[in-house]
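Undergrad: One structure, as structure tokens, below. Some questions next.
The values are calculated or read from the model by the stated rules, or taken from the named source; none is laboratory data. The model shown is predicted, which means the values in this text are computed figures rather than measured ones. Reconstructed Cβ throughout: ideal geometry from the backbone, glycine too, with neighbour counts over all protein chains shown.
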Amino acid sequence: MLVDTGHVVHAEQTVALVRHALRGEPLARIVNTHLHTDHCGGNAALQRAFGVPIIVPPGNADAVASWDTRAPDPRHHRPAQRTLHARRHAGRR
């Protein structure tokens, strides 16, 4: 069993690491603790590589079923063009 699959930008590396760690043994399933991209981004690559079921938290099946795989590649994401200002809270340094 594998818990969480990392970020999509590391998906192929994750597949290689899991393959190495398994040493020829089968992977039984993938379990996602939640659906943030740094926890489930490698799901598709690992499912293709190992053909295993993916278990998601209760109430999240609809989100997975409608997942948009056409979303922009995060490696080419540009941050919004805005300026952020940080303010120190009173009493903190």
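Undergrad: What are the pairs with Cβ atoms under 7 angstrom where one residue, in the range 4-28, is in contact (Cβ under 8 Å) with a residue 12 or more places away in the chain and the other, located anywhere, is assigned to a loop (DSSP other than H, G, I, E, B) and exposed (fewer than 14 other Cβ atoms within 10 Å of the Cβ)? Sequence gap at least six, or different chains.
TA: ASP4/THR33; ALA28/MET1
Undergrad: Only one of these is of a type in the set (Lys, Arg) and either at pLDDT below 90 or not in a helix (DSSP H, G or I) (or both): ARG78, ARG48, ARG19. Name it.
TA: Testing whether each residue is of a type in the set (Lys, Arg) and either at pLDDT below 90 or not in a helix (DSSP H, G or I) (or both) leaves just ARG78.
Undergrad: Identify all residues within the range 1-16 that are touching a Gly at 6+ places or on another chain (Cβ under 9 Å) and in a loop (DSSP other than H, G, I, E, B); write none if there are none.
TA: ASP4, THR5, GLY6, HIS7
Undergrad: Taking only pairs six or more apart or across chains, which ones have beta-carbon atoms under 6 Å, a first residue in the range 60-71 that is in a loop (DSSP other than H, G, I, E, B), and a second residue that is modelled with pLDDT of 75 or more?
TA: ASN60/LEU35
Undergrad: From HIS34, HIS39, HIS85, HIS89, which residue is surrounded by 10 or more Cβ atoms within 10 Å (Cβ to Cβ) and either modelled with pLDDT of 90 or more or not in a helix (DSSP H, G or I) (or both)?
TA: On the way: HIS39 fails: either modelled with pLDDT of 90 or more or not in a helix (DSSP H, G or I) (or both); HIS85 fails: surrounded by 10 or more Cβ atoms within 10 Å (Cβ to Cβ); HIS89 fails: surrounded by 10 or more Cβ atoms within 10 Å (Cβ to Cβ).
Result of the check over HIS34, HIS39, HIS85, HIS89: HIS34.
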